[in-house]
Amino acid sequence: MTSLRRFGIWIVALVFVADQALKLWLLFGLRLAETGPYALTPFMNIVLAWNRGISYGLFQQGTDLGRWALVVLSFAAVIWLGRWMWRATNRLTVVSLALIIGGALGNGVDRAVYGAVVDFVHLYYGSFSWYIFNIADAAIVVGVLGLLYESFRPDASKPAQV
């Protein structure tokens, strides 16, 4: 196994473990549902939100069929992105895909175990409120931004097209 692949697997594991460990601690250690919310800064609270949909709360699922469809979709995406990561030779591509895979695994496990994704970070400023998210969501966003950056960056190994 190449060092780049190994690096990608470590990132997947780090994101997944950090996401799940923090969620478990918030739910069962801190007992956030009973004791929260907590104001950490003037612009950030730790709250408990159960997201039965996908990003930004879109496509909320109220049935078991919808829930399991999202679980299957999450794990299908993990397999597809994992194959892409395995074949990638660019470090930024591997890191970006690993972040997305780790986040998708974390949120997929939440859906399978709890029926919804555990979200807890609430950012706001005055009356402006950002959506509530978790480590997995943040990793997915950073991974997607990395892939977008890479797709728009000129590739020095290819000749310029005119």
For region 87-106, name all the residues that are of a type outside the set (Val, Ile, Thr) and out of contact with any helix residue (DSSP H, G or I) (no Cβ under 6 Å at 6 or more places or on another chain).
Arg87, Asn90, Arg91
Filter result (surrounded by 15 or more Cβ atoms within 10 Å (Cβ to Cβ), among the aliphatic types (A, V, I, L, M) and in contact with an Asp or Glu (Cβ under 6 Å, 6 or more places away or on another chain)) within region 75-124:
Val117, Val118
Out of region 19-52, which residues are touching a residue at least 60 places away in the same chain (Cβ under 8 Å), farther than 9 Å from Phe120 by Cα, under 17 Å from the mean Cα position of the chain (by Cα) and in a helix (DSSP H, G or I)?
Asp19, Gln20, Leu22
With the structure loaded, tell me whether Trp130 is modelled with pLDDT of 95 or more and not aliphatic (A, V, I, L, M) or whether it fails that test.
no
Which of the residues belonging to region 97-133 are of a type in the set (Gly, Ala, Ser) and touching a residue at least 24 places away in the same chain (Cβ under 8 Å)?
Ala98, Gly102, Gly103, Ala104, Gly106, Gly108, Ala112, Gly115, Ala116
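Under the condition of being β-branched (Val, Ile, Thr) and assigned to a helix (DSSP H, G or I), which residue from region 55-77 is modelled with the lowest pLDDT?
Filtering first and then ranking leaves Val71.
The values are calculated or read from the model by the stated rules, or taken from the named source; none is laboratory data. As the structure is a computational prediction, the values presented were derived from the model and not from experiment. For neighbour counting, all protein chains shown are included, and Cβ atoms are generated from backbone atoms with ideal geometry for every residue, glycine included.
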